[in-house]
Amino acid sequence: MAREPAFVLRYLAEVEELAEDVLAARQQIVDLDVKRNRNREALRALRKDPEPEDQEHLDEEINNLRKELRVKVNRLYEAQGKPELKGFNLNPMTPEEMKLINRILEG
């Protein structure tokens, strides 16, 4: 039940390309997160508006990349014949949701 070498090479190239997409997206998230944190530090030092448009744009871009990363990881797992990650599609709670939960836990 040996597979043709050309099929194996195409398969390995596809898996490698998908893995590189995942790693590149993760690195981009890290780089943007570092930039966002530097912006926050600078804004605190200047004591200006804590969430200017640039910060909001960075937050939005990071969130979009994280959503895309989920899709890329699932494609990679699918190409490798692995089952989809469970719990990977979870979203963080908003600050408002956290406040409500804290109120419930305190009361």
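Brief remarks on what is shown
- Proximal aspartates and glutamates to Lys82, defined as alpha-carbon separation beneath 18 angstrom and excluding residues fewer than eight positions away on the same chain: Glu14, Glu16, Glu17, Glu20, Asp21
- The chain, relative contact order in percent, only Cα pairs under 8 angstrom and at least six apart counted: 32
- Solvent-accessible area of Glu20 with every protein chain in place, 1.4 Å probe, in Å² to the nearest 10: 100
- Solvent-accessible area assigned to carbon and sulfur over the chain amounts to 54 percent, based on a 1.4 Å probe.
- Computing semi-axes √(5λ) of the Cα gyration tensor in Å for the structure here picks out one of (1) 39, 21, 8; (2) 46, 19, 10; (3) 23, 16, 14, namely (1).
- Remark: the chain carries 83 Å² of accessible area per residue (probe radius 1.4 Å; ligands, DNA and RNA excluded).
- Rounded to the nearest 20 debye, the dipole size of the chain about its Cα centre is 360 debye, using +1 on the Cβ of Lys and Arg and -1 on the Cβ of Asp and Glu.
- Largest GNM mean-square fluctuation across Glu96, Glu60, Glu41, computed for the chain with C-alpha springs under 10 Å, falls on Glu96.
- Subset of Lys35/Lys67; Lys35/Lys72; Lys72/Lys99 violating a 28 Å alpha-carbon distance limit: Lys72/Lys99
The values are calculated or read from the model by the stated rules, or taken from the named source; none is laboratory data. Worth saying up front: this structure is predicted, and the values here are computed from it rather than measured. Because the Cβ atoms are built from the backbone with ideal geometry, glycine has one as well, and the counts that use them run over all protein chains shown. Accessible surface areas use protein heavy atoms only, side chains included; no ligands, DNA or RNA. Shrake-Rupley method; radii C 1.70, N 1.55, O 1.52, S 1.80 Å.
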